[in-house]
Each structure stands twice: as structure tokens, then as C-alpha cells.
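Student: The structure under discussion is supplied below as C-alpha cells; questions concerning it will follow.
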Amino acid sequence: MGDPSSIDQPAWSVRLWRYLDDSHRGWVNLLYSDAQIAGIDGTQTIGPYRFTLVDEAAGQRSGRLRPVLELASWFRQPNQQPAASGSAGWTGLSIHQEVAALASLVLGVRLRGDDPRPRYRQQDGSVTIHEVAAQVIPSAPSSPWSSPILPGLAGRMADFGSLRPYLESLPRLAPHHTVQLVRAARQYADALWMAEGEPELAWLMLVSAVEVAATAHQAATEDYALLVKKSFPRSAEALIATGGESLLAEAAANEFYRLLRATGRFLAFAKKFLPDPPDERTTDPAGQLPWSKTKMEAVLRQVYELRSVRLHAGTAFPWPLLIPPPTAGDGLPSEVFTQDTYGSGDTTWPATELPMTLAVFAHLVRGMLLRWWDTLAGEATGPDSSG
């Protein structure tokens, strides 16, 4: 894959904003969550998408998966728009899955849709929905623990109103930024969905979510050719000797960009877009993660190293990072590990090898991605499609 900025078409869910309505054919599906959705009364339309609060969700117990929103859209056709070329902009998701992933990121909740059902507008204006024969209902991996690994997520009250400005900013963004946002959101949404049953995969996906965004951010702010000269001087000299600076620039953008300062890129992105601490956190100082850029860099470096050795050496994440967080002095979940050592079987880990809990890392990742999205929206120069 080459430079992310080479993507010349936005994500599929964003392309619909630029296409013309085909008001006779569409689709509808249900979005499932264990959260509560507030800030929407009835139906709201955001661009090409219609969201409707599911009536039965209000009467059902929060904290378990159930349909909370209906998502619908009419199909849209390109209006003299070129088709996507190659695989550079592939997200691996359908349109409704992209929207669900973006909404999961913005709302900070588990959110996943069932299979879309086609709908048709009849000549008399009525709408007919065709049911799918074998409907697949989303289900999340269950936890073996009596308390959650991500405390406060199930049953969380999410404000639907916060979703509109984010979605309405998408048509104004550069095409490659919409694709990278969807890819990062997918990693985050999948991490939340499986965290209780597959916490190690959740760690990996959350790191990947930041890497997707950090790579896109570096592509927009760094001189790749200069980075190759600094990081791979012999290769840079050979490229220049063969084809001059133009060959170096081409190779830097297409061959080297994924190798350039991977850890540094991750940490630089985290430092630039570091969010505020959680609104609801323990008041016990011993249970709080130190919230300064300098100290945060050290623990995030540990997280990145754990992820790297998991992928490249097969070394599993420490067991304490894969279970519900310890309890702080005030009875609330701790953000860090305060005992001298933690053990499983005949293996022990000192607290210094345990950077933070999965819950606080998920908070960090969501905050970084939303601040990056805010920055992209603030710098966007595309047409306003909020109407």
C-alpha cells in the first residue's frame, strides 16, 4: 500500500452524501448496543441517513445487547463521479457497517448492526420492507468474570446529539481522511465489542486504531524523503544515485512510509492529541494514571512494546491486563496496578510492567481519535453538506 494521501475516493458511507437519491430503493437495519441512547426523540436525519430510536429499547433493561436504533437510507447513484480505483480505499465494511463503526467511536459505546433489509417505495408512497430469511443478530463474546473488564460501558448513557456534527463534517474532509477515519473507527468499535471475551484482541485493535490515524497524520505533516535520509541513509543514497531525488521521494511515499519511526509516530500522535482524563474516575491518587504528556509517553511506549512482541514474537499480554481492573481505595475501578506484583500460576509481573488497565487505554484511544477528527474538520476546505 502506498501513501494514504493517494486515496482519491472517500469511504463508501461518505460517498452517499455526494450522490443523487434513488428514492425507490433503500435499506434498513437495526443497531444493537448495551448502552442507553439519549438526545433523540423519534427520528433524526443526518445527511443520507435516517436514525430512529427503537421504542422497545426504552422499556428494556440497559446493560444487555438489544436493538437501540434503526438506521436507514435510500440507495444513491453517482452523479458523474468516478468509481473507486484499485483497493487503496477499501475499508472491508459495507455502508451501514461504516456508519455503525463511526457512531460507536463518537458515542463511545458498543454498537453493531444486523443484516440490512431492502425497502421499496411503492407508487402510492408507501414503503415496503422485505425481511431477510436468515437474519443474523449481533452477539458479543461473553466474559468469564463477575465484573466487567470495561467498567461503565454497559448501560452507559450516550448523547445522540454529539453524533451529528461529526458525521456532517465527513463530506468536507479529504477522501483519504474519511477512509482512515473509518478504518480507525472500525478497530475501536471492534475492540469495544469483543473486550469482555477477547481482551487481548481488544488491546491489539486499540493500538492499531491509533496507528491508522498516526500514519495518516504523519503523511500530512512529515517529509517522507527527509525521514528516509535520516532513518535509512544508505538506502537513500542508493536511491538518489540511481534515480535522483524524485526516485527517493517516490520510494519514500510508497515503500518506506510504514517503516518510518513506527513507535515514534504512535507516541507523537498520542502526545499531540492526548485527551482529558475520564470524567468519572477514582479519587484515590494511588489508583490514578498520571495525566501528563511526559509520564503518559512512558506508559504508552510500554503498551506499544507489548503489542509489538505479541505480534512479532508471540509473547502474550500480561495476565493482569486481561482481567477486570483492580479496585481503588474509594471502591471505584483503578486505572493502574498498585500492588508490588501480580501473578497467574507460576508467573508474576511487577506493577512496573503493567502500564494501565484496558479501560483507561480505551478512553485514551477514543479521545485521541476524536481530537484528531476535530482537527481534520477544523482544517477541512470541502463543501458544506450539512443541509
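The values are calculated or read from the model by the stated rules, or taken from the named source; none is laboratory data. Keep in mind that what you see is a predicted model, and the values were worked out from it rather than measured. Cβ atoms come from the backbone with ideal geometry, glycine included; neighbour counts cover every protein chain shown.
Student: Restricting attention to region 319-333, does a residue exist that is surrounded by 16 or more Cβ atoms within 10 Å (Cβ to Cβ), among the β-branched types (V, I, T) and out of contact with any Gly (no Cβ under 9 Å at 6 or more places or on another chain)?
Tutor: Within region 319-333, one or more residues are surrounded by 16 or more Cβ atoms within 10 Å (Cβ to Cβ), among the β-branched types (V, I, T) and out of contact with any Gly (no Cβ under 9 Å at 6 or more places or on another chain).
Student: Determine the pairs where a residue that is without any contact (Cβ under 8 Å) to a residue 24 or more places away in the chain and under 22 Å from Q97 (Cα atoms), located within region 117-137, has a partner that is basic (K, R) and not in a loop (DSSP other than H, G, I, E, B) with Cβ atoms under 9 Å apart, the partner being 6 or more residues away or on another chain.
Tutor: From region 117-137, the pairs are H130/R117; H130/R119; E131/R117; V132/R117; Q135/R117.
Yes/no per residue for (1) over 18 Å from the mean Cα position of the chain (by Cα); (2) over 28 Å from P10 (Cα atoms):
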position: A100; (1), (2): no, no
position: L105; (1), (2): no, no
position: Y120; (1), (2): yes, no
position: W145; (1), (2): yes, yes
position: P151; (1), (2): yes, yes
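Student: Out of the residues in region 279-314 that are modelled with pLDDT of 95 or more and of a type in the set (V, I, T), which is farthest from H363 (Cα to Cα)?
Tutor: Filtering region 279-314 for residues that are modelled with pLDDT of 95 or more and of a type in the set (V, I, T), the one farthest from H363 (Cα to Cα) comes out as T283.
Student: Quick check on region 103-119. Is at least one of its residues aliphatic (A, V, I, L, M) and over 30 Å from H177 (Cβ atoms)?
Tutor: Here is the first cut: in region 103-119, the residues aliphatic (A, V, I, L, M) are 103, 105-107, 109, 111.
From what's left, over 30 Å from H177 (Cβ atoms): none.
Checked region 103-119: no residue is aliphatic (A, V, I, L, M) and over 30 Å from H177 (Cβ atoms).
Student: If we keep just the residues of region 334-371 that are surrounded by fewer than 20 Cβ atoms within 10 Å (Cβ to Cβ) and among the acidic types (D, E), which is modelled with the highest pLDDT?
Tutor: E353
Student: Restricting attention to region 130-144, report how many residues are surrounded by 10 or more Cβ atoms within 10 Å (Cβ to Cβ), closer than 24 Å to E196 by Cα and not aliphatic (A, V, I, L, M). Don't jump to the end; show me each part of the working.
Tutor: So the first thing to find is which residues in region 130-144 are surrounded by 10 or more Cβ atoms within 10 Å (Cβ to Cβ), and the list is 130, 132, 135, 137-141, 143.
Filter again for closer than 24 Å to E196 by Cα, leaving 137-141, 143.
Next, from what is left, pick out any that are not aliphatic (A, V, I, L, M): 138-139, 141, 143.
Residues that pass the stated criteria total 4.
Student: Next up: Would you tally the residues in region 278-287 being touching a residue at least 24 places away in the same chain (Cβ under 8 Å) and part of a loop (DSSP other than H, G, I, E, B)?
Tutor: We begin by selecting, within region 278-287, every residue touching a residue at least 24 places away in the same chain (Cβ under 8 Å); these are 278, 280-284, 286-287.
If we keep only those that are part of a loop (DSSP other than H, G, I, E, B) as well, we get 278, 280-284.
Number of matching residues: 6.
Student: Further question: Inside region 317-330, can you point out the residues that are closer than 21 Å to V210 by Cα and either assigned to a helix (DSSP H, G or I) or at pLDDT below 95 (or both)?
Tutor: Residues satisfying the conditions are L321, L322.
Student: Exactly one of these conditions fails for D374: (1) assigned to a helix (DSSP H, G or I); (2) more than 30 Å from P48 (Cα to Cα); (3) modelled with pLDDT of 95 or more; (4) of a type in the set (D, E). Give me its number.
Tutor: All conditions are met except number (2).
Student: Please find, within region 23-35, the residue that is modelled with the lowest pLDDT out of those that are crowded, with 16+ Cβ neighbours inside 10 Å and not hydroxyl-bearing (S, T, Y). Give the derivation first.
Tutor: Residues of region 23-35 crowded, with 16+ Cβ neighbours inside 10 Å: 26-35.
Those still in the list that are not hydroxyl-bearing (S, T, Y) too: 26-31, 34-35.
On the way: G26: 86, W27: 89, V28: 93, N29: 93, L30: 95, L31: 96, D34: 94, A35: 94.
Across region 23-35, the extreme among qualifying residues is G26.
Student: Since V303 meets every condition but one in (1) touching a residue at least 12 places away in the same chain (Cβ under 8 Å); (2) loosely packed, with under 14 Cβ neighbours inside 10 Å; (3) of a type in the set (V, I, T), which condition does it not meet?
Tutor: Tallying (1) touching a residue at least 12 places away in the same chain (Cβ under 8 Å); (2) loosely packed, with under 14 Cβ neighbours inside 10 Å; (3) of a type in the set (V, I, T), V303 fails exactly one: (2).
Student: Just the residues that are in contact (Cβ under 8 Å) with a residue 12 or more places away in the chain and either under 19 Å from A154 (Cβ atoms) or not hydrophobic (A, V, I, L, M, F, W, C) (or both), please, taken from region 312-326.
Tutor: Start the filter on region 312-326 by keeping residues that are in contact (Cβ under 8 Å) with a residue 12 or more places away in the chain, which leaves 316-326.
Hits for region 312-326 are P318, P320, L322, I323, P324, P325, P326.
Student: Hey, among A191, A174, A202, A216, which residue is crowded, with 22+ Cβ neighbours inside 10 Å, modelled with pLDDT under 95 and at negative phi? Quick ask: steps written out before the conclusion?
Tutor: Values: A191 fails: modelled with pLDDT under 95; A174 fails: crowded, with 22+ Cβ neighbours inside 10 Å; A202 fails: modelled with pLDDT under 95.
When all the criteria are applied, what remains is A216.
Student: Right, something else. Check G314, G331 and return the single one that is out of contact with any strand residue (DSSP E or B) (no Cβ under 8 Å at 6 or more places or on another chain), more than 21 Å from A191 (Cα to Cα) and among the small types (G, A, S). Break it down stepwise before answering.
Tutor: Working: G314 fails: more than 21 Å from A191 (Cα to Cα).
That would be G331, the only listed residue that is out of contact with any strand residue (DSSP E or B) (no Cβ under 8 Å at 6 or more places or on another chain), more than 21 Å from A191 (Cα to Cα) and among the small types (G, A, S).
A quick yes/no check of all residues on (1) modelled with pLDDT under 95; (2) part of a helix (DSSP H, G or I); (3) buried (at least 19 other Cβ atoms within 10 Å of the Cβ):
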| residue | (1), (2), (3) |
| --- | --- |
| S5 | yes, yes, no |
| Q9 | yes, no, yes |
| W17 | yes, yes, yes |
| D21 | yes, no, no |
| I40 | yes, no, no |
| F51 | no, no, yes |
| E56 | yes, yes, no |
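Student: While we're here: Among the residues of region 114-141 satisfying the criterion of being of a type in the set (S, T, Y) and assigned to a loop (DSSP other than H, G, I, E, B), which is modelled with the highest pLDDT? I'd like the intermediate steps shown before the answer.
Tutor: Start the filter on region 114-141 by keeping residues that are of a type in the set (S, T, Y), which leaves 120, 126, 128, 139.
Within this subset, residues satisfying the condition of being assigned to a loop (DSSP other than H, G, I, E, B) are 126, 139.
Numbers: S126: 79, S139: 87.
If we take residues in region 114-141 being of a type in the set (S, T, Y) and assigned to a loop (DSSP other than H, G, I, E, B), then S139 is modelled with the highest pLDDT.
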